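These notes are about the structure you will find just below.
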Amino acid sequence: MKSFTNVNPKDPQEAAALLKKAIEKGQTASLAGGGSDLLGMIKDDLVGPDVVVNLKGLSALREIESHSQGVRIGGLVTLEELSQHPLIRSQYTVLAEAAGTVATPQIRNVGTVAGNICQRPWCWYFRQGFPCFKHGGDRCYSVVGQNQLHAIFGGGPSFIVHPSDTAPALMALEARFRIVGPHGERVVPASEFFILPREDVSRENVLEPDEVLVEIELPPAVQNGRSTYVKIMDREAWTHAVLSVAMALEINDGVCRKARVVLGAVAPIPWRLPNVERILVGQRITADLAGDAGRAAVSRAQPLAKNGYKIPLTEALVRRTLLSLAG
Amino acid sequence: MKPISRRSFLERSGTGMAAAAAIPALEAPTFQSRPLPAEERGREIHLKVNGKDHRLEVEDHWTLAEVLRDHLGLTGTRVGCDRGECGACTVLLDGKSLYSCSYLAVWAEGKEISTVEGLAEGTQLDPLQEAFIEHDGPQCGFCTSGQLMSAKALLNSNPNPTEAEARQALAGNICRCSNFNRYLEAVLATSGKGGSRG
């Protein structure tokens, strides 16, 4: 592996300052939360940081804290901690389930929630170092290539899918992300955090190179709320989603009062389906309604040559998940 | 005649091979930290590995797996893919399993590391190791130490796992010989005996 200098900031402000300083010196810098994915990318020469800013010493960001306005989740909380946390499991089930489906125990023990949200795409062309848009090149190789796992929504000019499991869950929960930069803080709703390639093809979210995602804020749990994450994989464990859905419903007296439906692995960002949500609100969830919702979910899909199978799969996943969650 | 099992065949042929081989006992090579020229000197870290304290000079980009294998001589930890995918390099850090190929040694400063070498006490194997032998878990053996460490992490936190829990716990360890079911049986058999030793 290429050599680099590891630095250990004590707080997020220092981390952001270290990033800024490295950039000003003409160096490249990378953040390491868990660091597993970063080291793989360095070994594969996909990134070559001069400085690795190791966040593991920021113990204040390792807490899950409940308060009157909701729950604060430090960015360094591991996926394993998140998936096992009693409050997250009971009140924010979709998030615990999503975190529990990520990769393997070894990765979940190290991997952080912020790292999972901010991970780079797993498109095989990107990961093999093809000079694609994401690497500063001039094309997306999936368009005329092997695009079985690529986007059916929101694609162009790059057709990557966002690989995170926790990101769709956090969008369904209407989370907000607290970001620290060298000049202070900002809070961005999950729904505005991720950006499409047509907006900026070089990155997947709004983070600037000297900013750190430090905390996730969840709104108070809703009474009569229920939520779930269902992940379709091409084997039973240890892989990314072929397709997934994060769903959060509020059901009072059998009637759906509020719905959030977000798909994973179908678009370059977690893909919310407002048209499906509108169909559900004010209705009893019947088999017919779930069928309508499934059809609406894919009404705007635009498949590439080899990923058309995602359309019936998405339709069935939305329909079935809705029925099992409402049932 | 007693049927020949794969295990007894290997034991016998192994004895035959040992007898036929040249007699001088193989001594495990002793590894030392590679002395570095002053300008390349890294930083000193402290690790507790299998209960023993070590002070080491490492470079920032060295992985924990490299340090364990190349600088502490603990070659029981294997490096297969070197990308955090295969699981052969699994060790425990403060009791939790991780891929040591995908974790920097400098990040492990002050931590307690357990490797496969720490499982047996002298010649007394850990119950998990006994069960792995009994159930013919290892085939080529390359993934075995990683399988053992994942199983150890599971039984330390959950002494009586269900089959589903054990499957999940071993999901990050790939066996190219595809002997997953035997490893699973061995782990479940150990947990049935009241868990593996401390």
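List of remarks:
- Partner chain coverage, peptide A:94-106 - average Cβ within 10 angstrom: 4
- Per principal axis, descending, Cα span of segment A:1-53 in whole Å: 29, 24, 13
- Our coupling estimate for segment A:13-23, obtained by passing each phi through the Karplus curve with A = 6.51, B = -1.76, C = 1.60 and θ = phi - 60°, is 4, 5, 4, 5, 5, 5, 4, 4, 4, 4, 5 Hz, Gly and Pro reported as x.
- Residue mean of other protein chain beta carbons inside 10 Å, B:89-97: 3
- Segment A:266-282 - phi-based ³J(HN,Hα) in whole Hz, Karplus 6.51/-1.76/1.60, Gly and Pro as x: 10, 8, x, 9, x, 10, 7, 10, x, 5, 6, 4, 5, 5, 7, 5, x
- Radius of gyration, Dmax [the protein assembly as shown; alpha carbons; angstrom]: 24.8, 83
- Shown for A:Val187, A:Val51, A:Val143, B:Val91: other C-beta atoms within 10 Å of each C-beta, ranked fewest to most, produce the order A:Val187, A:Val143, A:Val51, B:Val91.
- Among B:Asp53, A:Asp200, a tally of other beta-carbon atoms within 10 Å of each Cβ gives an order, fewest to most, of B:Asp53, A:Asp200.
- What the Cα convex hull of segment B:129-190 gives, in volume per residue, is 67 Å³.
- Karplus 3J(HN,Hα) series, Hz, for segment A:91-104 with 6.51 cos²θ - 1.76 cosθ + 1.60 (x for Gly, Pro): 9, 10, 3, 4, 6, 4, 5, 4, 4, x, 8, 6, 6, 10
- The order of B:Ile133, A:Ile311, going from fewest to most other C-beta atoms within 10 Å of their C-beta, is B:Ile133, A:Ile311.
- At 0.890 mPa s and 25 °C, Stokes D of segment B:43-118 from Kirkwood alpha-carbon radius, µm² per second: 206 µm²/s
- Amide proton proximity set for A:Ala32, modelled H, under 5 Å, gap of 5+: A:Val53, A:Asn54, A:Leu55
- Based on Cα contacts under 8 Å between residues 6+ apart, chain A shows a relative contact order of 17 percent.
- Compared with the dominant principal axis of the Cα atoms in chain A, helix A:310-326 is inclined by about 70°.
Read-outs: derived from the displayed coordinates by stated rules, not from any lab. As the structure is a prediction and not an experimental result, all values here were calculated from the model. Reconstructed Cβ throughout: ideal geometry from the backbone, glycine too, with neighbour counts over all protein chains shown.
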